[in-house]
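Contents: one structure, followed by commentary.
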Amino acid sequence: MKGIFVWLSGAIQSTPVFAYFASFLWGLLSILLSPCHLASIPLIVGFISGQEKLSTRRAFFLSLLFALGILITISTIGLITGMIGRVLGDIGPYGNYLVAIIFFLVGLYLLEIIPLPFFQNINHPNFKKKGLLASLILGLTFGLALGPCTFAYMAPMLAITLSITTTKFLYGLSLLITYGIGHCSIIILAGTFTEVIQHYLNWDAQSKGSALIKKICGILVILGGIYLIWTA
């Protein structure tokens, strides 16, 4: 693990081609190697599969807003905690408890144990914007829990790119954006691919296969909530 990040650090400070590739790869690894972030995948998959038939475009935008919500929250928290002299992203255990509660509620909703009015009928014409808003809010809320778990992977990237921006501002900024694209891409791919599978298999929200995916995701999301409490 350490060797990977040493190689990535060196690549980011080499030629632009390798730097952009390493930034994107680092964004991918920040999801795949983080237990906290991995919980985002069943969350968005369950959210997408729990709706009526969607277009691929709408599934993409729902996933995109969810991923952007995460990035907005962790960036804001990182900036605030850094300014007040705390460990980047460390908001204490209360953030974990808050998001764990959200996870439990969403997990129980995906298991069809409790209703969540905010997620109901979001495919109805009058609720299209509500569905997009629900996805964004879910991402913003999920980002609260990531804290040090995220910044353990992001901090080295930030340190390198910030040093680059002192002399090459646009180049350093573009590397951070590339990292963000890699960071979001797996979440977006998971959500969009869910719709593609549903469309290919001709599933809707009431199909047995779709219902099974929802329940599996519900269990995984609840386990994610338990993990958040355990690590608080």
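The values are calculated or read from the model by the stated rules, or taken from the named source; none is laboratory data. Given the structure is predicted, the values throughout are model-derived calculations rather than measurements. Using ideal geometry, Cβ is built from the backbone for each residue, glycine included, and neighbour counts are taken over all protein chains shown. Ligands, DNA and RNA are stripped out before the accessible areas are found, and what is left, the full protein with its side chains, is counted by its heavy atoms. Shrake-Rupley method; radii C 1.70, N 1.55, O 1.52, S 1.80 Å.
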Report task. Could you order E112, E195 so the one with the most accessible surface comes first? Probe is 1.4 Å. Result -> E112, E195
Report summary line: The FRET efficiency for K208 and I72, from their Cβ-Cβ distance with R0 = 41 Å and rounded to 0.05, is 0.65
Report summary line: Using a 1.4 Å probe on heavy atoms of the protein chains only, the accessible area for F169 in Å², nearest 10, reads 130
Query - Residues I114 and V196, FRET efficiency given R0 of 35 Å [Cβ-Cβ distance, rounded to 0.05] - result: 0.75
Report task. In whole angstrom, note down how far apart the Cα centers of the range 59-76 and the range 172-199 are. Result -> 10
Query raised in the report: So what does I226 come to for accessible area, using a 1.4 Å probe and Å² rounded to 10?
Result: 90
Requested in this report: Just read off the accessible area of W7 with the full protein assembly in place, 1.4 Å probe, to the nearest 10 Å².
Outcome: 130
